[in-house]
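> The structure follows.
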Amino acid sequence: MLETLLQLFVSGILAGGIYALMSVGLTLVFGVLRVVNFAHGEYMMLAMYFTFWLFTQLSVDPYVAILIVLPAAWLFGIATEWLLIRRTLDAPHIAQVFVTLALSVLLQNLALLFWTADFRSIFVPYASSVVEIGPVLVTWSRLINFIIAIVTAAAVGAMLKYTYTGMAIRATAQDRRSARLMGVNVDRIYSMTFALGSALVALAGVLVMPLFPVNPFSGGEFILVAFVVVVLGGMGSLLGAVVAGLAIGVIEAFAAFYLGSEVKQLVYFLFFVVVLLVMPAGLFGKRGAEVMDVT
Amino acid sequence: MTISTSASATAREWADLYWIVPGTVACLAFIATVRDPFALDILVTTLLWAAAASAWNLSGGYAGQLSIGHAAYFGIGAYTSTYLLLIYGLSPWIGMLIGAALAALTALGIGALTVRLRGSFFVMATLAFGAIAHIVAAIWRSVTGGSNGLSIPFEPSFARMVFADKQSFAILALALLLIVVGTVLLIERSKLGASLVAYREDDAAARALGVRTLRARLIAIMISALFTAICGTLHAQYTLYIDPDSVTGLSFSLQVALICIVGGVGTLSGPILGAALIIPLASLLRGALSSSGSGLHLVVYAVMVIMVLLALPEGIGPSLMRRVRAARGK
Amino acid sequence: MTMLSTEGLNKKFGGLHAVRDVSFSVSAGEILGLIGPNGAGKTTVFGLLSGFIRHDAGKVRLGGEPIDSWSPEARCEAGLVRTFQIVRPFGNITVLENVAIGAMLRTTSRAQARRDAAEVLERVGLADRAQEIARGLPIGIRKRLEVAKALATRPKVMLLDEIMGGLIPTEVNEMMGLLRQLRTDGAAVVLIEHNMHAVMTVSDRVVVLNHGAKIAEGTAEQVSKDSAVISAYLGEDYDSAQDH
């Protein structure tokens, strides 16, 4: 009994690391640009397909593929920011929301066009090799993924805190006008932040490719988890995204075990709704972002 | 200087009839003369989407509450009437009203829960509610048939709302659209309409002027859900088959919103113009491009929507009007 | 007749005691100036009176009736209206429709609301702007629009927050004329204003706030000689207060 609980907890934490990584980019983009990228999940889906393609066509190992997929995602992020996001920053809210929603429809259907609706997966022998930690069994790849995810999130946090660029990003997040007056190139910060967000979610995509099959609609499912995580953690909060990512991983593991995998999604959406209603600012978010300012 | 509020305002009050009446006549003429089933199918689909988009527009456009979870109401309408018909033999005419009432109550609940959420947070909450509806439709097999869906037997009769010819259904869809548009028109001209616009523009400023924005929003979302559910019933009766993806999928929620955005959000004619542009185009694209793989028509469609959003963020209708007015020298 | 009164009004934001024990009242046909250095808590007091912010302690009465638990909408319906320091026009609709939304409070007919709104626009001198879209109007016009929206609700008490900021001298004179006319019509007006000359000229009585507390009350002449008031302004921005 206790072993089962422990096993579920560890599996949940390990899955949660990936959720955290998916959500860090989303929360960062929201924090700095004040834009929710509804196509964020599709970036992950594309990264998964790219990894799949590299593996099947060129036999590139997924962990090596990181070196190719991440720069590509970075460039893709820069391109979308420049083509779409920048043009809607001052547009009505409706244009801002629906331009990324339309982008997600576009990317999904491009994927459908190129790869059909079939699920694609890759097999790497080490993906299923198991390591025993006390009474708990974990697969090597999940453990390594978790470590990469957490180290990456920590590195992003450190970058924001200690480097000049990081400080410029934080300054822009606080107040874009003042940042501009202080000599920060706000447009460049936006571009970089969006690219970073894309690269982070692409990394999550590469890491899960050996574990989960991908189809054009995978992004839609991942984005819903990422929303739950980001809102729970507090929109714009990096630490919040990591903590909430782990929490959602654990909740999901327990719900899947005790209620069945069909109901588990229902559980975390209900949980999401409760979070939105009870503490819309999330665990670590600034109060007020979710509601209108009233003086 | 005095402000003319009487004569020009009265002219404006009735301006919408200049396109509603000819549009209705044109539809009736089309129904009376055209026999091509493909063309009639496009007409029925366009009319149904126009009605659903008009319903979305009431809360999404006038009040600016961008919902991407309206499939929940569409699904409630479709499943309620279909379930009651299949299990109890209840006429969809009555099932439709029960579904509409259920959807309105659900909307009241969701509206009350999301009352404090603004902007993207509201959008995400509606996305979650839509996703919940989809999951429920998929796992509540005893009612929805799960992913197998529900089929309505093809036994034409008025009481069963099944028709042998497409013309009858086209008239039904046209009648529904006229009822929805008429309702929206009345609301637009009423205190409720003014309250919704005031809420959309600035909630605090509206409340400072005594506008009961919360009540207005809840009424709007209930009426919106009610008509969306009725569209759900009609959709089920027209296609005679429903499953979780077709009636509770995110694609429905996105499509109703995108139709409004393309046509002109928060205007009476916007959803109709949007549906008249998008739905036939989508049908033709699907027909023309089906050989080159599924998804291409949606690619074209998404690109078009993005271009409209970037180039004409007010929608095609209002942007055209503005150009016409500018060309006339105001 | 006392229209609006407060007793022992208090509000804390975290560690900041924004409003402490503020009491005052304003009568029908009276203009009360509410002045004080930046950050004195004037706008917060308006937030409390209009119901947008909940007070921690104290009483607010409108026409003798306690309204502490009332929503902003209910207060407005009962005749208490406010304007916002940072004006909040409904940006995408016309000036006339903006004002008509205020007028909708007293009628269910849109046509009647438009006629009422047109009348109000005449009064504030915005008749020639009626059909313009509110967004992008110059600040002087938007300030007057803010007042027109409030007027259209036919208030008994008006809380006017810096309605003269950004106005040129002739516009300030027009606004003061409008205020005097409101007084003649029997309205009670509370006026927050940085334009010292204007507020001291037009107010029947002046309440001075500093660090959230009332430090003086009386006629313009009395408070301008009050040592506590002078030191409060000297401590903050005596010069800018003198400039106006």
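The values are calculated or read from the model by the stated rules, or taken from the named source; none is laboratory data. Since we're looking at a predicted model, the values are computed, not measured. Here the Cβ is made from the backbone with ideal geometry for all residues, glycine too, and neighbour counts use every protein chain on show.
> Are any of the residues in the stretch A:97-108 touching a Pro at 6+ places or on another chain (Cβ under 9 Å) and at pLDDT 90 or above? Write out each step before concluding.
Looking only at the stretch A:97-108, we keep the residues that are touching a Pro at 6+ places or on another chain (Cβ under 9 Å), and these are A:107-108.
Next, only the ones that are at pLDDT 90 or above stay: A:107-108.
Yes, that holds for at least one residue.
> Starting from the stretch C:225-236, take each residue that is surrounded by 13 or more Cβ atoms within 10 Å (Cβ to Cβ) and list its partners that are modelled with pLDDT under 80, counting only C-beta distances under 6 angstrom and pairs at least six apart or across chains.
C:Y233/C:A241
> Tell me which residues, restricted to the stretch C:110-136, are closer than 30 Å to A:A91 by Cβ and more than 9 Å from chain B (Cβ to nearest Cβ).
C:L126, C:R129, C:E132, C:I133, C:R135, C:G136
For every residue, the table says whether it meets (1) without any contact (Cβ under 8 Å) to a residue 12 or more places away in the chain; (2) among the aromatic types (F, W, Y); (3) crowded, with 21+ Cβ neighbours inside 10 Å; (4) at negative phi.
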| position | (1), (2), (3), (4) |
| --- | --- |
| B:Y79 | no, yes, yes, yes |
| B:I87 | yes, no, no, yes |
| B:I98 | no, no, no, yes |
| B:G111 | no, no, yes, yes |
| B:F129 | no, yes, yes, yes |
| B:V143 | no, no, no, yes |
| B:A159 | no, no, no, yes |
| B:V162 | no, no, no, yes |
| B:V184 | no, no, yes, yes |
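> While we're here: Kindly indicate whether any position in the stretch A:112-124 is surrounded by fewer than 19 Cβ atoms within 10 Å (Cβ to Cβ), touching a strand residue (DSSP E or B) at 6+ places or on another chain (Cβ under 9 Å) and in a loop (DSSP other than H, G, I, E, B).
yes
> Kindly indicate whether C:K12 is over 18 Å from C:L191 (Cβ atoms), touching a Ser or Thr at 6+ places or on another chain (Cβ under 9 Å) and more than 12 Å from every other protein chain (Cβ to nearest Cβ).
Values: over 18 Å from C:L191 (Cβ atoms): yes; touching a Ser or Thr at 6+ places or on another chain (Cβ under 9 Å): no; more than 12 Å from every other protein chain (Cβ to nearest Cβ): yes.
In short, no.
> So, of the residues in the stretch B:93-142 that are polar (S, T, N, Q) and within 19 Å of the chain's Cα centre (by Cα), which turns out to be nearest to the other protein chains (Cβ to nearest Cβ)?
First pass over the stretch B:93-142, keeping only residues polar (S, T, N, Q): B:106, B:114, B:120, B:126, B:142.
Subset that is within 19 Å of the chain's Cα centre (by Cα): B:106, B:126.
Values: B:T106: 13, B:T126: 11 Å.
The selected residue is B:T126.
> If A:L89 satisfies all but one of (1) more than 14 Å from chain B (Cβ to nearest Cβ); (2) more than 21 Å from the chain's Cα centre (by Cα); (3) closer than 30 Å to A:L239 by Cβ, what's the number of the condition it fails?
(1)
> Would you please name the residue that is nearest to the other protein chains (Cβ to nearest Cβ), looking only at residues in the stretch A:228-242 that are touching a Ser or Thr at 6+ places or on another chain (Cβ under 9 Å) and over 15 Å from A:F272 (Cβ atoms)?
Once the filter is applied, the top-ranked residue is A:G236.
> Ok, one more. Looking at the stretch C:71-109 only, could you name the residues that are β-branched (V, I, T), in a loop (DSSP other than H, G, I, E, B) and more than 7 Å from chain B (Cβ to nearest Cβ)? Give the steps one after another, and end with the answer.
Within the stretch C:71-109, the first condition is being β-branched (V, I, T), and the residues that meet it are C:81, C:83, C:86-87, C:93-95, C:99, C:101, C:107-108.
Next, only the ones that are in a loop (DSSP other than H, G, I, E, B) stay: C:83, C:86-87, C:93, C:107-108.
Hits for the stretch C:71-109 are C:T83, C:I86, C:V87, C:T107.
> I'd like the full set of residues that are of a type in the set (G, A, S), part of a strand (DSSP E or B) and either crowded, with 23+ Cβ neighbours inside 10 Å or free of Cβ contacts under 8 Å to residues at least 60 places away in the same chain (or both), limited to the stretch C:7-58.
Once the filter is applied, which keeps residues that are of a type in the set (G, A, S), part of a strand (DSSP E or B) and either crowded, with 23+ Cβ neighbours inside 10 Å or free of Cβ contacts under 8 Å to residues at least 60 places away in the same chain (or both), the stretch C:7-58 yields C:G8, C:S25, C:G33, C:A57, C:G58.
> Looking at A:S59, A:S104, can you tell me which residue is more than 19 Å from the chain's Cα centre (by Cα) and small (G, A, S)?
Details: A:S104 fails: more than 19 Å from the chain's Cα centre (by Cα).
From the options A:S59, A:S104, the qualifying one is A:S59.
> Looking at (1) out of contact with any helix residue (DSSP H, G or I) (no Cβ under 6 Å at 6 or more places or on another chain); (2) within 11 Å of chain B (Cβ to nearest Cβ); (3) touching a residue at least 40 places away in the same chain (Cβ under 8 Å), which one does A:W82 not meet, given that it meets all the others?
(2)
> Filter the stretch C:194-210 down to the residues that are part of a loop (DSSP other than H, G, I, E, B) and at pLDDT 90 or above and list them by number.
The answer is C:S203, C:D204.
> Does B:T228 fit the bill of being away from chain C (no Cβ under 14 Å) and at pLDDT 95 or above? Step through it out loud before you land on a result.
Numbers: away from chain C (no Cβ under 14 Å): yes; at pLDDT 95 or above: yes.
So B:T228 fits the description; yes.
> Sticking with this structure for a sec: Is it true that C:G58 is within 22 Å of C:A74 (Cα to Cα) and either within 14 Å of another protein chain (Cβ to nearest Cβ) or not hydroxyl-bearing (S, T, Y) (or both)?
Values: within 22 Å of C:A74 (Cα to Cα): yes; either within 14 Å of another protein chain (Cβ to nearest Cβ) or not hydroxyl-bearing (S, T, Y) (or both): yes.
Yes: the conditions hold for C:G58.
> Since B:K191 meets every condition but one in (1) within 11 Å of chain C (Cβ to nearest Cβ); (2) at positive phi, which condition does it not meet?
(2)
> Being more than 10 Å from chain A (Cβ to nearest Cβ), touching a residue at least 60 places away in the same chain (Cβ under 8 Å) and not charged (D, E, K, R) is true for just one of B:G317, B:G274, B:G266. Which residue is that? Spell out how you get there, then give the answer.
Numbers: B:G317 fails: touching a residue at least 60 places away in the same chain (Cβ under 8 Å); B:G266 fails: more than 10 Å from chain A (Cβ to nearest Cβ).
Every option except B:G274 fails the conditions.
> Also, quick follow-up: List every residue pair whose Cβ atoms sit under 6 Å apart, with the two residues 6 or more apart in sequence or on different chains, where the first one lies in the stretch A:93-108 and is within 12 Å of B:V300 (Cα to Cα) and within 7 Å of chain B (Cβ to nearest Cβ) and the second, anywhere, is assigned to a helix (DSSP H, G or I) and not β-branched (V, I, T).
From the stretch A:93-108, the pairs are A:A102/B:A302; A:V105/B:A302; A:L106/B:A302.
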